[in-house]
Amino acid sequence: MRYAENKERSSELLRLALPLMARQTAALHPVSYTLWYEHVAGINPSLSAVLNTRLEADSPLSEDEVHDLYDRFIVARDMQVLERLQQQLRTLIEDVAQTAATSGDDTGRFARSLEDTQTRLRAASTLDQVSSVAHELLTETKRVQTAAHSTSERLEAKAREVGHLTQKLQQAQTEALLDPLTGLDNRRGFTRYVEDFLTNERTLGGVALLLADIDEFKALNDTYGHVLGDNVIRAIARTLQTNIKGRDRAARFGGDEFAILLPQTTTTGGPAALAEQIRAAVAAGRIRTGAGKPITGRVTLSVGVAVASSSDTLETLMTRADGALYQAKREGRNRVCVAPT
């Protein structure tokens, strides 16, 4: 959604939103801010009804609840906007087709008029008759010229409308399917990608899924603050993007959880080797605080890997990858575990 508030108004909304965000147990990140911004701006009544109930009950929102509300009241609304724009575009296309058909009707009528004029000219025996035919032909020609000009203007106006709607459609689609912090797909965008993949390939057989989770991320946030936590998430997103290629797809599912779909990977050793490559790259990174000082310890990932059989759905594949991820956590974190096939 594109917000219309100017700088002064948005500054006031920031002042109102921050105290409300601070009362929650969830982190102070863009997803949380979006909820409270729309609440204090009064532009999302359904969301405000839920938030007011929680505020009155003095019941702070957890991290999971913030992301759930974001999916229900922000992402879902953006998808409704997307569907509405798609319908408007379809209606416009139908209007253009109808305009073109009307132009075709005028052209056919003029052609029939010409044939009739030729017949009447051949039968004309006096100057008055020839003059009458010529006058009618001139009148019909002017009518067709006027209709053609009007049709051209209507088509140009429709073309401008289509262009404007296309821009809005692209913007709405981007906002609905991308994670605002990292620019990766969100869960909905990731699911859409898998659906498109299945439309072409029919099966997930041979596809690998990596689920990654930042180790001890809550402790990192509590120690160094949520601004640094956001920087860590962005840095890991960049690492994922650097290490994948082709049709591979990375997503942030919210919080500190990431996913990578590997329709095919040429990395030696397959998906587990790529997962280890990503884990090692993250562990070797050096994160610094806003004051430029390195943080104590390393930022690490635990990664679960699962390879789909022809009978797997996205849900069953994610369940197996999630099981491997939690095995990696149980075995000490900062490691890769592979689900049995």
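Computed from the coordinates by the stated procedures, all read-outs in this text should not be read as laboratory data. Just so it is clear, the model here is predicted, and its values are computed rather than measured. FYI the Cβ positions are ideal-geometry reconstructions off the backbone, even for glycines, and counts take in every protein chain you see.
Say the dipole of the range 187-338 comes from +1 at the beta carbon of Lys and Arg and -1 at that of Asp and Glu; which of I233, Y326, N200 then lies farthest toward its positive end?
I233
Residue by residue through the range 320-325, what is 3J(HN,Hα) from phi via Karplus (6.51 cos²θ - 1.76 cosθ + 1.60, θ = phi - 60°)? Round to whole Hz and write x for glycine and proline.
Rounded to whole hertz, the list is 5, 5, 5, x, 5, 4.
Kindly put D312, D71, D222 in sequence by how many other C-beta atoms sit within 10 Å of each C-beta, fewest to most.
Working: D312 20, D71 15, D222 12.
By the 10 Å Cβ count, ascending, the order reads D222, D71, D312.
Whole-Hz ³J(HN,Hα) for each residue in the range 44-61, computed from phi via Karplus 6.51 cos²θ - 1.76 cosθ + 1.60 with θ = phi - 60°, x for glycine and proline: what do you get?
After applying 6.51 cos²θ - 1.76 cosθ + 1.60, I find 9, x, 5, 5, 4, 4, 5, 5, 4, 4, 5, 5, 5, 7, 6, 10, x, 7 Hz.
What is the fewest-to-most order of F190, F197 by other Cβ atoms lying within 10 Å of their Cβ? Don't skip to the end; give the middle numbers.
On the way: F190 22, F197 18.
Neighbour counts put them in this order, fewest first: F197, F190.
Once a ≥ b ≥ c are taken as the square roots of the eigenvalues of the Cα gyration tensor of the range 7-61, is the result rounded (a/c under 1.5), prolate (a/b larger than b/c) or oblate (a/b not larger than b/c)?
Details: a/c = 1.89, a/b = 1.30, b/c = 1.45.
Because a/c hits 1.5 or more and a/b fails to exceed b/c, the range 7-61 counts as oblate.
I need the peptides 210-221, 330-341 ranked by packing, meaning the mean over residues of other C-beta atoms within 10 angstrom, with the highest value on top. Provide the component values of the computation, followed by the final result.
Details: 210-221: 20.5, 330-341: 15.1.
Peptide ranking by packing, descending: 210-221, 330-341.
Order 51-60, 319-328 from most to least packed using the mean count of other Cβ atoms within 10 Å. Could you put the intermediate results ahead of the total?
Values: 51-60: 12.1, 319-328: 19.7.
The peptides rank, most packed first, as 319-328, 51-60.
Please work out the FRET efficiency for the pair T199 and D68, using the Cβ-Cβ distance as r and a Förster radius of 35 Å; give the result to the nearest 0.05. Before the final figure, lay out the partial values.
Working: r = 28 Å, r/R0 = 0.81.
Efficiency for this residue pair is about 0.80.
Run the quick spin-label model on A284 and T191: label points 7 Å from Cα toward the beta carbon, then report their separation in nm to one decimal.
So the two model labels end up 3.7 nm from each other.
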